[in-house]
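*Asks:* I'd like to ask some things about the structure below.
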Amino acid sequence: MADPEAKNTLTVTDNRTGKTYDIPVESGTIRTMDLRQIKVSEDDFGLLGYDPGYLNTASCKSRVTYIDGDKGILRYRGYPIEQLAEQSTFLETAYLLIKGELPDSERLAAWTHNIRHHTMVHANLTKFMDGFRYDGHPMGILVGTVGALSTFYPDAKNIFDEEMRKLQVRRLIGKMPTLAAMSFRHSVGFPYVLPDNDLSYAGNFLSMMFKMTELKYRPDPILEKALDVLFILHADHEQNCSASAVRSVGSSRVDPYSALAAGCAALYGPLHGGANEAVIRMLERIGSVQNVPGFIKSVKEGEGRLMGFGHRVYKNYDPRAKIIKKIAFDVFEITGRNSLLDIALELEKIALEDDYFVDRKLYPNVDFYSGLIYQAMGFPLDMFPVLFAIGRTPGWLAQWTEHMLDEEQKIARPRQIYTGAGKRDYQPISERTPNASDERKIGMCRL
Ligand code: ACO
């Protein structure tokens, strides 16, 4: 238990010099810049922190999302994710994330109206979309088209103009489902569907995805609600890979479309937003419940990972995975049971009892069941990360806005520990004699 009389400092003794330093501790954190004073000589640069993957480095102060990974707690602006999933809507949650408070009914109506009236995209953007290869991955298309929006809205570079920022926020939340659905329709060769602003946010997205020749697309209310909840569950997750990418790229003061394109690119990777796609491919590979023990054995022997399991922050059941598992059963009532569900349930059962997973605190994460739901709803596998991007857009924008207004922030620019060659003199090509190690380097370059 902490002594209330104790000083909020950390005393460090540098055994190289015998000098002692008092370093302030604030919110359980030291500023790594305070280490810089620790030097062995006047011309020493000073002590650095080395933290690949930012395992123990806070890059910002944030008021957006709170996670306690050991207890399995996730809150947006203080509100537990379970309450938001049960009682809120995606657009209301987006308002909460961006503005910090829940709206009253008048503000929610105005916000919803504003988002709905930014769902259309410029006709030139459809031509841009048409330029992608017919079988291009929709996530690659999304990365490109979100970035391309910056060319349609050059005023977006005025990032310190509050009204301009608000306008880009509305545009991005409004247009993301349109771009997402267009990327899918392009990849299957279907004509694009214009937004239907009479429908809900999720309902309109389903219409733009699946409408064919009917005059009006009417989404199934249970599927529409399930999708809305899935968007809420994905809306933010504090300083994850894609939010950090948005903050980092945004710190150069580029416009938000370019910063969010970086977020989409980060989300594309299989260790982040691509994991739910990887889960389905893994379940298909396993093929049947009987093959589950053999698959678990191969994971433990280091032949690949159990996708949808494990998390950098959660060392307990991901609270989103619990909610998603319940939604899965609601959705399967309408769509019929996804045949891969039994394999997933068996994998989860065995893994939660197995010492390998228990010792490493590996539990199902948000992606373990979400892919099964998306697949049952008729979304093709390569649309899964795109769905994640729609949900995550308000979170990225909340993180970006906070970063832009944070006076302590500077352009993101990490340090390195240089491990390359010392100074050497340039030799004319005729005088160079490659040795074996140079040959290996050349081989690496060719890779
Ligand atoms: N299957 C098997 N073993 C695993 C898994 C897994 N899914 N995840 C971690 N481990 C093992 C590692 O091999 C390592 O074991 P070791 O100590 O014997 O070497 C140990 O657990 C710690 O793993 P790290 O990779 O150090 O953990 P890290 O925090 O860096 O990685 C990550 C987190 C990337 C999510 C990881 O758990 C993983 O690859 N999971 C599968 C992919 C996935 O589901 N990603 C989605 C994350 S949620 C999201 O982005 C929305």
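*Asks:* Between E26 and Q290, what length comes free when the chain is fully extended (0.36 nm per residue of separation minus the Cα-Cα distance, one decimal in nm)? Don't skip to the answer; put the middle values down first.
*Replies:* On the way: separation 264, 0.36 × 264 = 95.04 nm, distance 5.28 nm.
Length gained between E26 and Q290: 89.8 nm.
*Asks:* Oh, and also: Mind jotting down the three principal axis lengths of the stretch 302-445 based on Cα atoms? Whole angstrom, largest first.
*Replies:* Largest to smallest, the principal-axis extents are 74, 45, 34 Å.
*Asks:* Okay, moving on. What value, in deg cm²/dmol to 500, does the helix sum -39500 (n - 2.57) over DSSP H runs of n ≥ 4 give at 222 nm once divided by the residues of the chain?
*Replies:* On the way: 18 runs with 224 residues, N = 447.
My calculation for the chain gives -15500 deg cm²/dmol from helical runs alone.
*Asks:* Turning to a different aspect of this structure: Please tell me the relative contact order of the chain in percent, rounded to the nearest whole number, where contacts are Cα pairs under 8 Å and at least six residues apart. It would help to have the intermediate numbers written out before the result.
*Replies:* Details: 590 pairs, mean separation 83.4, N = 447.
It comes to 19 percent, rounded to a whole number.
*Asks:* Please give the FRET efficiency for E431 paired with E214, using the beta carbon to beta carbon distance and R0 = 56 Å, rounded to the nearest 0.05.
*Replies:* On the way: r = 75 Å, r/R0 = 1.34.
Calculated transfer efficiency: 0.15.
*Asks:* Only Lys, Arg, Asp and Glu count, each charged at its Cβ (+1, +1, -1, -1), so figure out the dipole size of the chain about its Cα centre, rounded to 20 debye.
*Replies:* On the way: 54 positive and 57 negative charges, 184 e Å.
Charge dipole, the chain, about its Cα centre: 880 debye, nearest 20.
*Asks:* Among N124, F90, I232, whose Cα sits farthest toward the positive end of the charge dipole of the chain (+1 at Cβ of Lys/Arg, -1 at Cβ of Asp/Glu, about the Cα centre)?
*Replies:* Of the options given, the answer is N124.
*Asks:* Using DSSP H assignments, which helices in the chain have an axial alpha-carbon span of 15 Å or above and a mean Kyte-Doolittle hydropathy of 1.0 or higher? Display every interim value, and only then the final one.
*Replies:* Working: long enough: 105-116 (16 Å, -0.81); 138-152 (21 Å, 1.47); 162-188 (39 Å, -0.27); 221-233 (18 Å, 1.58); 256-268 (18 Å, 1.05); 275-286 (16 Å, 0.25); 319-335 (24 Å, 0.35); 341-353 (18 Å, 0.76); 384-405 (32 Å, 0.42); 436-446 (16 Å, -0.95).
Once both thresholds are applied, what remains is 138-152, 221-233, 256-268.
*Asks:* While we're looking at this one, here's another question. Can you figure out the FRET efficiency of D161 with T126, using R₀ = 30 Å and their beta-carbon distance, to the nearest 0.05? Please report the intermediate quantities before stating the final value.
*Replies:* Values: r = 29 Å, r/R0 = 0.97.
So, using R0 = 30 Å, E works out to roughly 0.55.
*Asks:* Give the aspartates and glutamates whose C-alpha is closer than 17 Å to that of K300, dropping any in the same chain fewer than 8 places away, or say none.
*Replies:* E346, E348, E353, D354, D355, D359
*Asks:* In Å and on Cα atoms, what radius of gyration and Dmax does the chain show?
*Replies:* 24.8, 80
*Asks:* With the cut-off at 21 Å, tell me which of the pairs K322/K361; K175/K322; K71/K325; K157/K410; K225/K322 have Cα atoms farther apart than that.
*Replies:* Values: K322/K361 16 Å; K175/K322 30 Å; K71/K325 19 Å; K157/K410 17 Å; K225/K322 17 Å.
The answer is K175/K322.
*Asks:* Compare the Cα positions of V146, H113, F160 along the charge dipole of the stretch 102-161 (+1 at Cβ of Lys, Arg; -1 at Cβ of Asp, Glu; about the Cα centre) and return the one farthest towards the positive end.
*Replies:* V146
*Asks:* Excluding N316 itself, calculate the net charge of residues whose Cβ lies under 11 Å from the Cβ of N316, where each Lys or Arg counts +1 and each Asp or Glu counts -1.
*Replies:* +1
*Asks:* Can you pull the semi-axes for the stretch 170-324, root of five times each eigenvalue of the Cα gyration tensor, sorted largest first, whole Å? List each step's numbers first, then the result.
*Replies:* Values: eigenvalues 189, 111, 47 Å².
Those come to 31, 24, 15 Å.
*Asks:* Estimate the FRET efficiency between D70 and K423 by the formula 1/(1 + (r/R0)^6), using the beta-carbon distance for r and 56 Å for R0, to the nearest 0.05. Walk me through the numbers before you get to the answer.
*Replies:* Numbers: r = 48 Å, r/R0 = 0.86.
Once the sixth-power term is evaluated, E becomes 0.70.
*Asks:* If you average the C-alpha positions of the stretch 131-202 and of the stretch 291-316 separately, how far apart do those two centres end up, in angstrom?
*Replies:* Distance between centres, Cα-based: 35 Å.
*Asks:* Rounded if a/c is under 1.5, else prolate if a/b is larger than b/c, else oblate: which is the stretch 4-50, with a ≥ b ≥ c the root eigenvalues of its Cα gyration tensor?
*Replies:* Values: a/c = 3.12, a/b = 1.69, b/c = 1.84.
It comes out oblate by the Cα gyration axes.
*Asks:* Next up: May I ask for the Kirkwood hydrodynamic radius of the stretch 125-195, worked out over all distinct Cα pairs and given in angstroms to one decimal? If you can, show how the numbers build up before the last one.
*Replies:* Working: mean 1/r = 0.0777 Å⁻¹.
It is 12.9 Å.
A short reminder: the numbers here are calculations on the coordinates, not readings from a lab. Only a predicted model underlies this, so the values are computations on that prediction, with no experimental measurement involved. All Cβ positions, glycine included, derive from the backbone under ideal geometry; neighbour counts span all protein chains shown.
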